[in-house]
Structure formats: structure tokens, C-alpha cells
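S.K.: Would you mind keeping the following structure in view while I ask a few things?
Values in this text are rule-based calculations from the coordinates and carry no lab data. On a predicted model such as this, the values are computed, not experimentally measured, just so you know. No Cβ is skipped: glycine too gets one built from the backbone with ideal geometry, and neighbour counts run over all protein chains shown.
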DNA sequence: ATCCAGGCATGCA
DNA sequence: TGCATGCCTGGA
């Protein structure tokens, strides 16, 4: 059991219910969250505005993983200040205060966002839980049953038909292909920036939006500004005078407006647009 | 009963 | 470069 104290506000519920990550759940209305972190289950409890209590079924070597996962080294207060580029963004930063990004596992993140297209959060969560329950390692923690996310090797024998039976729909072919090609993808020299983004988009089923999400949430490139329908509606309403605009132009403006912290800005806006703005 | 989701691939101008 | 269409499936 360890306490982690932040100088800024850390809001567990905002962070884990904002839709960036799908397999963390609260059983007590947002005070405590359980979920998988690579090889273990972690429990996060909100003690006060600045403090989390953290435990795990496997406490050895936990804190370095937690620091990376919760992005503790990000200077949250200056990020907030930096994305307050106008009165609207000031309001949004205030409304979403305490919402942090997390650094996800790339493999799980890629599968999550491949599944996300033309779907919704409950269904994506259901698909991922189903996959984990069938092929992930089972862990008992706090007298509850949890499942880690399956490793690539565990999923390798499966084909498109298996994933269709799990309810993945037309995304089944993307998942099957991704799992099969994953090693080859990783073997390529790791690139950065737009080059890496283009490399992600070479993968069957990954276009601009999903590539941006994987690069942002799975690889921690905070300069990305993924444009989904919520961001699209918001940006057109407030920054393009209501005029129909291509996602490429919206993405480009978002990255220009928010620079190295565009990923944070995107998540603040996404949360605000879904919960507070009538668009 | 249609209709459409937190897109993508494909085909076409 | 931009636009149209089909894709699985479950919930409104």
C-alpha cells in the first residue's frame, strides 16, 4: 500500500471514465478503480484531491510501473496553463480539472482502438473483457476475479472467424491481421512523429484517427490530436464558424493550437464535449 | 421497424 | 484531394 501525492489535482473518475482506457472499473462510484497493468492488477483509491492510494496483487517493482502509467513526470499545471489559449479553453480546463492521461500498453491499446471504430464505449469494453476472460491470465485480488489482457502469443492461434464469434463484427479481420503481423510491425526500426504515424497507417484497419490514438495513448506522443466525431463537432462549432471542415484540417489546427500538449487538450475537449456541451 | 454508432478500405471522379 | 458506399452488430 503506497500513497502518491500530486501537487495538482488528480481526479481518478475523470481520468478513468473519460474513454481513453477501457478496462478500469469502479465499484464504488468513482472512489476506487481496479484494472490491469501489464503483469498485475492494480487498485487506485482517491484519498483526497491530491492523493491516491495504490496497491496491487504483486507489489514488487510496482512504483516504477505506476509512475510511467500515470505519467507522473508530466508537469500538469503548466500543461493546463499552456492549453488555456482562449476563454473557452480556460473554461474547459477548469471543468476537466484533474483529468490526466495514462500511458497504455501499445498492444492492448492498438486492439482497443481497432475495435473502437463505429462502436461505442460499452461495446468496446464488452469486447475487450470477453477477449481477456477467454485468453488472459486470471488473477484473484481483494477476493475478486480479474483477467490480464492476453499476450500476443495467446491470441496467435485465433482467426477472423473466432473474432467474429466474439462479436467483433467486421473489425474481426483487422484484429486477426494485426495479431498476425504484430511482430513484423515491431521488428521495423522504431520511428517517430509523422513517419511513425504513417507506419501505423500501413496496418490493415488503421487509418488516421486510430493511428493517432495508438501513437498518443500507447506510445505517449502528446503532440497528437485525434479527431473523432465529438472533436469534429466541437471544433467545427467553435473554431470553424460551423462550416463543414475535413478532419485533416481540424487535426492540423488542433496540433497548431496546442503544440506539444495537443493530446491533453484533445482529451480535455473530448470530455467537455461529451458531458457539458450541447453539440 | 429502420437507423446509426468514438472509421476504414475501396472505388470513382 | 474529395466524396460515396459497404461493413458486423446491438441498442435507440
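S.K.: Whole angstrom only: what separates the Cα centroid of the range A:171-196 from the Cα centroid of the range A:206-228?
M.R.: If we compute the Cα centre of each part, the gap is 14 Å.
S.K.: How many angstrom separate the Cα center of the range A:98-159 from the Cα center of the range A:253-279?
M.R.: Spelled out, the Cα-based centre of one part sits 25 Å from the other.
S.K.: For the range A:122-229, how big is Rg over Rh, using alpha carbon atoms and the Kirkwood form of Rh? Don't jump to the answer; show the numbers that get you there.
M.R.: Numbers: Rg = 15.4 Å, Rh = 15.4 Å.
On the Cα set of the range A:122-229, Rg over Rh gives 1.00.
S.K.: For the peptides A:231-239, A:94-102, what is the packing order when you average, over each peptide's residues, the other Cβ atoms within 10 Å and list the highest mean first? Working shown, then result.
M.R.: Values: A:231-239: 17.8, A:94-102: 19.4.
So the order, starting with the most tightly packed, is A:94-102, A:231-239.
S.K.: Round to the nearest 0.05 the FRET efficiency obtained for residue A:86 and residue A:183 when R0 = 45 Å and r is the Cβ-Cβ distance. Walk me through the numbers before you get to the answer.
M.R.: Numbers: r = 45 Å, r/R0 = 1.01.
Approximately 0.50, to the nearest 0.05.
S.K.: Taking Rh as the Kirkwood radius computed over C-alpha pairs, what is the Stokes-Einstein D of the range A:171-241 at 37 °C in a medium of viscosity 0.692 mPa s, expressed in µm² per second? Please report the intermediate quantities before stating the final value.
M.R.: Values: Rh = 13.4 Å.
This corresponds to a translational diffusion coefficient of 245 µm²/s.
S.K.: Right, another one. What is the diffusion coefficient of the range A:33-191 in µm²/s, taking the Kirkwood radius over Cα pairs and the Stokes-Einstein relation at 25 °C with a viscosity of 0.890 mPa s? Intermediate results must be reported in sequence, preceding the final value.
M.R.: Working: Rh = 18.1 Å.
D, rounded to a whole number, is 135 µm²/s.
S.K.: If you take all C-alpha pairs in chain A, what percent of them are over 29 Å apart? If you can, show how the numbers build up before the last one.
M.R.: Working: 13074 of 38781 pairs.
Beyond 29 Å sits 34 percent of the P(r) for chain A.
S.K.: At q = 0.26 Å⁻¹, what log₁₀ I(q)/I(0) does a Debye calculation on the Cα points of the range A:2-73 give, no solvent, two decimals?
M.R.: Taking Cα atoms of the range A:2-73 as identical point scatterers yields -1.46.
S.K.: What does the range A:62-126 give for Rg and for Dmax, in Å, if only its C-alpha atoms count?
M.R.: Rg then Dmax for the range A:62-126, in Å: 15.4, 40.
S.K.: How high is the FRET efficiency between residue A:47 and residue A:161 when r is their beta carbon distance and R₀ equals 30 Å, given to the nearest 0.05? Show your work: numbers first, answer last.
M.R.: Details: r = 47 Å, r/R0 = 1.58.
After rounding, the FRET efficiency stands at 0.05.
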